[in-house]
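Enquirer: I'd like to ask you about the structure that follows.
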Amino acid sequence: MLSSAILIPAVLNGLLIGAIYALVALGLTLIYGVLHIINFAHGALLSAALFAAFFSFRLLGLDPYVAVFLLAPMFFVIGYTLQRFIIGPASHGDDRNMLLVTLGIAVVVENALLYAFRADTRTIDVPYAFQTIDVGWTFLAIPRMVGFVAAFAVALTLWLLMTFTDVGRAIRAVAKEKLGAELAGIDVGHIYAVTFGLGTACVAIAACLLIPTYYVNPHVGDAFVLVAFTIVVLGGMGSVPGALIGALLVGVVESLSGLFLGESLGQIGIFLIFIAVLLVRPSGLFGARA
Amino acid sequence: MKSLIPIAVVLAILAAVPFVVHSNVMLNFLVVALMIALAGQGWNILGGYGGQYSFGHAVFFGTGAYVTAILQMRYGINAWVGFAAGVAAAAALGAALGALTFRSGLRGSYFALVTLAFAEVLRIIASVAPITGAGVGTLIKLDLGIRTFQFQSRAAFYWVILALVGVSLVTAQLIERSRFGVWLVAVRENEDAAKALGVDANKVKLAAMVISAAITAAAGCFYAQYFLFVDSGIAYGTWISVQALLTPIIGGVGTVFGPLLGALIVKSLGEGAKLVAGDAPGLDLIIYGAVLVLVIWFAPRGLIGGLAHARRLLTRHDVPATPSTQEARRG
């Protein structure tokens, strides 16, 4: 059972899946790092993005890898609008209210998808879905390789944006010291919304990378978002490198526990890690403090 | 004792309903609304008075429902004993969960997240474990009689759930009036300040969690007896977690009658939507989610809280600061 012929591909596949998780988790950790709330609507937005990717393939004939350039800006706008015109005004600046508002949005989006498209599971057919490349000792699926590379490209872009642009500096300033940033002339409401938009755009990119080999239904985002919560908690809330490393780790753990325990119990393994981390070290492996 | 008079009046009025309303559809509607009110009152003790927002109260609802159903069907235990055991099991689970989470200092977002995750873990376990009937669920055999806690008439079920709601209302009222209730509110308003004044915040939250779990579990036990079926999606699904927090938030968070009022509104909206648009999956939850956002936006204290606040403003007494007013002033 423990032969390297099974183990090594499982680990590699785990790393590749982990990269997609990283994208979902990046959005979540970014929003947490700046707004200091957990966005419970993240999973529902992922489901919505998967539907958008599905329909841009079915109706417009857009390959998901092309559609990403349309959907990422679109979801940025959706995220920006949600935060600026709904979450911000509705929560009156109270954290507990903000949690409830994102939960409310999640429930609305998820069930609107259920209402519109029913619970059917849909998939798309792209020619490269099952193509693999031989890396010597094992075969790797091409869509997953693309996802892996893209995830790191997005992380790098985000890092560049945060480090070298004015918007990035403003975001970091708001994250560190909201009042001080406001006094320095930064429009905090706008920066909150930009951050939320960026987080939502990450979800759209993740959706486009997932759809070639995955399926979509109204509840599909839930599974991912709980994994993403785990990653974000594991890596330290708000930490971008933490999210990346946490995601790869969780991908490998899921792949291995799926191998030894079976699919549905493999997920429990992740939740148990999640709960254990929350209880023992809520600041995460890389976070400074809770 | 004087403070219990409004509860007695409301219960008396509600108890008379089956004498006037004979429609089974209407009674069924009220039974479900009262069941949700009961689950919501459980959430309200911990979330409303204690400020600990749980996003996974299904943990307690589902545990109550499963324990009741499994004890009867697999071990042949009397339904009433099963009911009590369900409540006790959920209370014990609440104590364990509370001890774990509060001791590691989880608050706010983290608490919401960990409760959500616990509900999800239990849902997955219940959907594969043989004892819960895995994906098939657990059916309770139809066997009418007082001994089996199964009644032919809806009215009997109605009075049972009304009695349970009555107990929960009295509990909330007694807590509100007690020293424990004051500690709980102090922890909600400012945990660090409460601690500095000598309140054992963790113990207070833990006690609130146990009471909260027991009340919400009673709703779950009742669900099992009323519908005679439990599966993992029903027991540990988001529908009940959302409704448990939605009802007190709409009616008035941290108020005695908030959950009851909220449940009647929520259920009326859900049924109204079904009348207008047909019984489509997800429709009621779309409305619940939208109402949740709108209530927080325009009436963050809920209906009762908003009215009480307006009255205090009108009579020009000093208005005590609640979290939302503090935040509004600050930001």
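Laboratory data are not the source of any read-out in this text; all were calculated from the coordinates shown. The shown structure was predicted, so the numbers you read here are calculated from the model rather than taken from an experiment. Because the Cβ atoms are built from the backbone with ideal geometry, glycine has one as well, and the counts that use them run over all protein chains shown.
Enquirer: Using the Karplus curve 6.51 cos²θ - 1.76 cosθ + 1.60 with θ = phi - 60°, what ³J(HN,Hα) values do you get for each residue of the range B:98-103, in whole Hz, with x for Gly and Pro?
Expert: My calculation for the range B:98-103 gives x, 4, 5, 6, 6, 5 Hz in order.
Enquirer: Round to the nearest 0.05 the FRET efficiency obtained for A:A223 and A:S4 when R0 = 41 Å and r is the Cβ-Cβ distance.
Expert: Using R0 = 41 Å, I get an efficiency of 0.90.
Enquirer: Here's a follow-up. Gaussian network model of chain B, Cα springs within a sub-10 Å range: biggest mean-square fluctuation belongs to which of B:P248, B:P259, B:P281?
Expert: Largest GNM mean-square fluctuation: B:P281.
Enquirer: Can you pull the Kirkwood radius for the range A:1-77, inverse mean 1/r over Cα pairs, to one decimal in Å?
Expert: 14.8
Enquirer: In addition: Could you give log10 I(q)/I(0) at q = 0.12, 0.15, 0.16, 0.18 Å⁻¹ for the range A:142-290, computed by the Debye formula over C-alpha point scatterers of equal weight, without solvent?
Expert: Result of the Debye calculation: -0.61, -0.91, -1.02, -1.22.
Enquirer: Next up: Normalised radius of gyration for chain A, please: alpha carbon Rg relative to 2.2 N^0.38 Å, two decimal places.
Expert: Against the compact-globule rule of thumb, the ratio is 0.99.
Enquirer: Here is a follow-up. Counting only other chains, what is the mean number of Cβ atoms within 10 angstrom of the Cβ of each residue in peptide B:100-111?
Expert: The per-residue average across the peptide is 4.
Enquirer: Let me ask you something else. Which ordering of B:T171, A:T163, B:T138, A:T200 is given by a fewest-first count of other beta-carbon atoms within 10 Å?
Expert: Sorted ascending by nearby Cβ count, the order is A:T163, B:T171, B:T138, A:T200.
Enquirer: Taking each residue in A:32-41, count the Cβ atoms of any other chain within 10 Å of its Cβ, then average. What number comes out?
Expert: Other-chain Cβ atoms within 10 Å of each residue's Cβ, averaged: 2.
Enquirer: Follow-up question, since we're still on this one. I'd like the distance separating the alpha-carbon centroids of the range A:145-197 and the range B:184-220, in whole Å.
Expert: 37
Enquirer: Given the rule -39500 (n - 2.57) for each run of at least 4 DSSP H residues, summed and divided by the residues of the protein assembly as shown, what is its mean residue ellipticity at 222 nm, to the nearest 500 deg cm²/dmol?
Expert: Rounded to the nearest 500, the figure is -24500 deg cm²/dmol.
Enquirer: Sticking with this structure for a sec: Just grab the label-to-label distance for A:R122 and A:W159, each label 7 Å out from Cα along the Cβ direction, in nm (one decimal).
Expert: The modelled label-to-label distance comes out at 3.7 nm.
Enquirer: Treating only the Cα positions of the protein assembly as shown as identical point scatterers, give the base-10 log of I(q)/I(0) from the Debye formula at each q in 0.05 Å⁻¹.
Expert: Values, matching the q order: -0.22.
Enquirer: I'd like the FRET efficiency for A:R281 and B:A96, computed as 1/(1 + (r/R0)^6) with the beta carbon distance as r and R0 of 22 Å, rounded to 0.05.
Expert: Efficiency computed from Cβ-Cβ geometry: 0.65.
Enquirer: Using the Cα centre of the protein assembly as shown as origin and beta-carbon charges of +1 (Lys, Arg) and -1 (Asp, Glu), tell me which of A:V233, B:I7, B:Y158 is placed farthest towards the positive end of the dipole.
Expert: B:I7
Enquirer: With each pseudo-label sitting 7 Å past Cα toward Cβ, what's the A:W137-B:M26 distance in nm, one decimal?
Expert: 7.5
Enquirer: Okay, moving on. Lysines near B:K203 by alpha-carbon distance under 18 Å, same-chain residues fewer than 8 away left out - which ones?
Expert: B:K195
Enquirer: Using Cα springs under 10 Å in a Gaussian network model of chain B, which residue among B:G306, B:G47, B:G220 shows the largest mean-square fluctuation?
Expert: B:G306
Enquirer: Using a Gaussian network model on chain A with a 10 Å cutoff between Cα atoms, which of A:L179, A:L158, A:L82 fluctuates the most?
Expert: The residue that fluctuates most here is A:L179.
Enquirer: A further question on this structure: Can you find, among B:A218, A:T195, A:L161, the residue farthest towards the positive end of the dipole of the protein assembly as shown? Put +1 on the C-beta of Lys and Arg, -1 on that of Asp and Glu.
Expert: Final value for the positive-end residue is B:A218.
Enquirer: Here is a follow-up. Could you state, as a whole-number percent, how many of the C-alpha pairs of the range A:52-144 are farther apart than 16 Å?
Expert: Everything past 16 Å amounts to 71 percent.
Enquirer: Using 0.36 nm per residue, how much length does the chain from B:R147 to B:V128 gain when fully extended, once their Cα-Cα distance is taken away?
Expert: Roughly 3.7 nm would be gained on extension.
Enquirer: For chain B, with only Lys/Arg (+1) and Asp/Glu (-1) charged at the beta-carbon, what is the dipole magnitude about the Cα centre, in debye rounded to 20?
Expert: With Lys and Arg at +1 and Asp and Glu at -1, about 600 debye.
Enquirer: For the protein assembly as shown, what is the charge dipole size about the Cα centre, in debye to the nearest 20, if Lys and Arg each add +1 at the Cβ and Asp and Glu each add -1 at the Cβ?
Expert: Taking the Cα centre of the protein assembly as shown as origin, the dipole is about 1400 debye.
Enquirer: Over all pairs of distinct alpha carbons, what does the Kirkwood formula give as the hydrodynamic radius of the range B:227-310, in Å?
Expert: About 13.5 Å, per the Kirkwood formula over Cα pairs.
Enquirer: For A:E177, A:E182, which order do you get if you count the other beta carbons within 10 Å of each Cβ and list the fewest first?
Expert: In order of increasing Cβ crowding within 10 Å: A:E177, A:E182.
Enquirer: What is the distance in Å between the Cα centroid of the range B:109-179 and that of the range A:27-77?
Expert: Here the two parts' Cα centres lie 37 Å apart.
Enquirer: Next up: Where the only charges are on Cβ atoms (+1 Lys, Arg; -1 Asp, Glu), what is the dipole of the range B:99-174 about its Cα centre, to the nearest 20 debye?
Expert: Approximately 80 debye in magnitude.
Enquirer: Give the angle, between 0 and 90 degrees and rounded to the nearest 10, that separates the Cα long axis of helix B:179-189 from the longest principal axis of the Cα atoms of chain B.
Expert: 70
Enquirer: Whole angstrom only: what separates the Cα centroid of the range B:225-258 from the Cα centroid of the range B:15-71?
Expert: Measuring centre to centre over Cα atoms gives 6 Å.
Enquirer: Related question: Over all distinct alpha-carbon pairs, what is the Kirkwood Rh of chain B in angstrom?
Expert: 20.2
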